[in-house]
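Working notes for the structure below.
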Amino acid sequence: MAKNINKLSQEQQEEILKTLKSRFEKNMNRHKGLVWTKVEERLNSKPAKLWSLNEMEETGGEPDVVGHDKKTGEYIFYDCSAESPKGRRSLCYDRKAWESRKEHKPDNNVMDVAADIGIDPLTEEEYRALQELGAFDLKTSSWVLTPAAIRKHGGAIFCDRRYDHVFIYHNGADSYYAARGFRGSLRV
């Protein structure tokens, strides 16, 4: 059955809202002072964003609210799965890196998958903020948005958590590993 891009059926909408509400209620430390009914109201007014959250969920991201931008009214969601999302691993960093591989190309790349889902990869700052909410990527690692100055030299950066510390590393942007994926953010 083919997906209807950017549109969920009524049943799918109800299911993702139920999942998000349950996760919201189980993890109140991630969004102190926020109220689910306000989040749900915003989600119901943004069906394309709800579709993106569903895609985050389907790829193993376990999205949850991590903040609220009072200026714009937007709620901020991050992938909060314990490990890097399973459905978004084994990807090189971007299309240029993917095209540079002569053999053993991965199926896709971080930047294209993020664009297809309608999310942004976490920045290093956002990744560190996520780690303040819990212990993530204890066995995996996650590509993060790489500064242009690093990318122009063929590199990309990724992060993980080991020894109760968050580490940032570098690698060739064309590399990919079964234990490295990426986490995304979405503003609704």
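The values are calculated or read from the model by the stated rules, or taken from the named source; none is laboratory data. Nothing here was measured: the structure is a model prediction, and the numbers come from that model. Here the Cβ positions follow ideal geometry from the backbone for every residue, glycine too, while neighbour counts run over all protein chains shown. Side chains are part of the model used for accessible areas, which takes the heavy atoms of the whole protein and leaves out ligands, DNA and RNA. Shrake-Rupley method; radii C 1.70, N 1.55, O 1.52, S 1.80 Å.
Hey, does segment 127-134 have a residue that's under 26 Å from Leu50 (Cα atoms), of a type in the set (Lys, Arg) and open to solvent by less than 10 Å² (accessible area, probe 1.4 Å)? Scanning segment 127-134 turns up no residue that is under 26 Å from Leu50 (Cα atoms), of a type in the set (Lys, Arg) and open to solvent by less than 10 Å² (accessible area, probe 1.4 Å).
If you go through segment 81-112 and keep only what is of a type in the set (Ser, Thr, Tyr) and touching a helix residue (DSSP H, G or I) at 6+ places or on another chain (Cβ under 8 Å), you end up with just Tyr93. Based on this model, can you work out whether Pro63 counts as of a type outside the set (Phe, Trp, Tyr), crowded, with 22+ Cβ neighbours inside 10 Å and more than 24 Å from Glu14 (Cα to Cα)? No; evaluated as a whole, the condition is false for this residue. Residues in segment 68-82 that are touching a residue at least 60 places away in the same chain (Cβ under 8 Å) and open to solvent by 10 Å² or more (accessible area, probe 1.4 Å): 6 in all.
The set of residues from segment 8-28 being open to solvent by 80 Å² or more (accessible area, probe 1.4 Å) and either polar (S, T, N, Q) or touching a His at 6+ places or on another chain (Cβ under 9 Å) (or both) comprises Gln10, Gln12.
With respect to the stated conditions, Ser45 is polar (S, T, N, Q) and more than 24 Å from Tyr169 (Cβ to Cβ). Can you tell me which residue within segment 145-182, out of those that are of a type in the set (Lys, Arg) and in a strand (DSSP E or B), is least open to solvent (accessible area, probe 1.4 Å)? The extreme case among them is Arg180. Could you please find all residues in segment 99-130 being more than 27 Å from Asn6 (Cβ to Cβ) and in contact with an Asp or Glu (Cβ under 6 Å, 6 or more places away or on another chain)? Scanning segment 99-130 gives Ser100, Arg101.
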